[in-house]
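As structure tokens, the structure follows; a few thoughts come after it.
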Amino acid sequence: MTFDTPISRAGSHCSKWDMMKPLYGLTPDEGLAMWVADMEFKPPQVVQYALQKMLDHGVYGYFGDDRKYLDAIRWWMANRHGWEVAPEWIFTTHGLVNGTALCVHSFTKPGDAVVLMTPVYHAFARVIKAAGREVTECPLVLEDGTARMDFAAWEKLLTGREKMLILCSPHNPGGRVWTADELRAVADFCVKHDLLLVSDEIHHDLVYPGQKHMVMAKAAPQIADRLVMMTATTKTFNIAGAHIGNVIIADPALRKTFANTINAMGISPNSFGMHMATAAYSPEGATWVDALMRYLDGNRKLFDEGIARIPGLRSTPLQATYLAWVDFSATGMTPEEFIERVQKVAKIATNYGASFGLGGETYLRFNLACPRAQVAEAVARLERAFSDLQ
């Protein structure tokens with residue numbers, strides 16, 4: 001269970017590395033891919049064994065009898081998050097971007113609006129707009145570099161067309177673990193404005209020492225009639241290519257509406273993803289995640305120490321996720337100018353902050369889920385690229 005061993009992904013149809021050249025003008029030989037949110041690590045061995053068992057059997061038919069799969073999800077949520085889930089609450093989607101899109105189609109109509117706390121994961125806005133709905137951006141505010149919610153300001157931004165709020169918990173980007181009080185305030189806001197709450201908790205296992213994630217269903221059980229939970233194994237265990245996620249709905253009426261959408265679109269599960277998720281949500285998987293977070297904690301500290309040495313750059317203190325959120329505003333540079341240095345001089349591919357919505361314009365997002373030597377190399381490259389500021 002080592003995370004230091006580099007694994008070459010170039011030429012493997014890997015989005016993160018094989019799309020660097022067309023999108024960033026960087027080849028895998030010269031560039032560092034720190035944009036797409038997947039890891040440079042193999043998943044736990046228990047997942048590899050599950051796939052090998054499928055290969056040895058050699059027949060890849062439709063997946064049936066999902067009792068072990070559902071039991072694995074329920075075991076994980078109870079043991080890792082203290083959340084009791086009934087099997088009939090669980091739907092399987094082709095990842096959580098797909099889950100988000102299905103929620104938008106199920107619970108809103110064209111012309112409705114969906115509230116996003118920006119800057120936030122860029123795929124939310126993409127699927128909302130593609131479905132003919134509007135996005136109401138409610139910007140987070142910064143206090144000492146930490147994102148905070150401002151409900152009083154947000155109320156003035158509502159148009160009356162809003163039917164849904166999508167919460168990213170823990171938050172991406174920015175790595176905030178919302179407190180129980182903050183989660184309850186979100187729930188109250190949704191009740192006050194009659195909003196369905198979709199809580200995307202895909203990063204809920206990737207929490208650093210000293211922090212504690214609380215699932216929304218536990219923080220505000222009184223809003224079960226307007227709450228949709230989304231979770232997945234994909235980020236936790238680096239199996240995003242399995243395209244598998246869970247939409248978990250306790251309320252029977254909401255469940256019926258969502259089931260109708262699933263049936264209307266002919267969605268059925270990917271058997272590879274089902275086997276991988278069942279294997280991952282296990283004691284062996286839990287041991288791997290604990291080791292992963294210790295390693296990522298070291299990467300986080302190394303990166304933050306390096307960024308702190310560069311005048312004008314500020315790395316947001318991460319409480320969760322492996323996605324560093326770096327503010328370049330104090331350099332006095334325009335986004336075009338600091339992107340040019342990071343991309344053309346340091347030769348690092350990152351996510352542009354503006355793609356995450358209002359409030360992200362002066363930021364770049366860096367993926368730290370890689371061998372520590374790559375983090376050290378990225379820091380050294382950034383120090384050279386901004387050496388005239390030092």
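Kindly indicate whether CYS190 is open to solvent by less than 10 Å² (accessible area, probe 1.4 Å), at pLDDT 95 or above and more than 20 Å from the chain's Cα centre (by Cα). First the steps, then the outcome.
Values: open to solvent by less than 10 Å² (accessible area, probe 1.4 Å): yes; at pLDDT 95 or above: yes; more than 20 Å from the chain's Cα centre (by Cα): yes.
Yes; evaluated as a whole, the condition is true for this residue.
Please find, within segment 277-300, the residue that is nearest to GLY99 (Cα to Cα) out of those that are open to solvent by 20 Å² or more (accessible area, probe 1.4 Å) and touching a helix residue (DSSP H, G or I) at 6+ places or on another chain (Cβ under 6 Å).
Filtering first and then ranking leaves THR278.
Select from segment 207-217 the residues that are touching a His at 6+ places or on another chain (Cβ under 9 Å) and open to solvent by less than 10 Å² (accessible area, probe 1.4 Å) and list them in ascending order.
VAL215
Quick check, is SER12 free of Cβ contacts under 8 Å to residues at least 40 places away in the same chain, in contact with a Phe, Trp or Tyr (Cβ under 9 Å, 6 or more places away or on another chain) and open to solvent by 30 Å² or more (accessible area, probe 1.4 Å)?
No.
How many residues are in contact with a helix residue (DSSP H, G or I) (Cβ under 8 Å, 6 or more places away or on another chain), of a type in the set (A, V, I, L, M, F, W, C) and open to solvent by 80 Å² or more (accessible area, probe 1.4 Å) if we restrict to segment 54-92?
Number of matching residues: 0.
Give the residue that is most open to solvent (accessible area, probe 1.4 Å), with candidates limited to residues of segment 193-202 that are over 14 Å from ALA220 (Cα atoms) and out of contact with any Cys (no Cβ under 8 Å at 6 or more places or on another chain).
For segment 193-202, the residue satisfying everything is ASP194.
Would you be able to say whether some residue in segment 80-88 is farther than 14 Å from ILE248 by Cβ, in a loop (DSSP other than H, G, I, E, B) and out of contact with any Asp or Glu (no Cβ under 8 Å at 6 or more places or on another chain)?
There is at least one residue in segment 80-88 that is farther than 14 Å from ILE248 by Cβ, in a loop (DSSP other than H, G, I, E, B) and out of contact with any Asp or Glu (no Cβ under 8 Å at 6 or more places or on another chain).
Considering only residues that are within 20 Å of the chain's Cα centre (by Cα), among the acidic types (Asp, Glu) and in a strand (DSSP E or B), which ones fall in segment 160-187?
Scanning segment 160-187 gives no hits.
Give me the strands (runs of 3 or more DSSP E) completely within segment 93-155, filtered to those with at least 2 residues that are at pLDDT 95 or above and open to solvent by less than 40 Å² (accessible area, probe 1.4 Å), ordered by residue number.
113-118, 134-139
Please go through (1) under 30 Å from VAL127 (Cβ atoms); (2) of a type in the set (Lys, Arg); (3) open to solvent by 20 Å² or more (accessible area, probe 1.4 Å) for ARG365 and return the number of the only condition it doesn't satisfy.
Looking at each condition in turn, ARG365 falls short on (3).
The values are calculated or read from the model by the stated rules, or taken from the named source; none is laboratory data. Because the structure is predicted, anything quoted here is derived from the model rather than measured. So basically every Cβ, Gly included, is an ideal-geometry build from the backbone, and we count neighbours across all protein chains shown. Areas reflect the complete protein model, heavy atoms only, side chains present, ligands, DNA and RNA absent. Shrake-Rupley method; radii C 1.70, N 1.55, O 1.52, S 1.80 Å.
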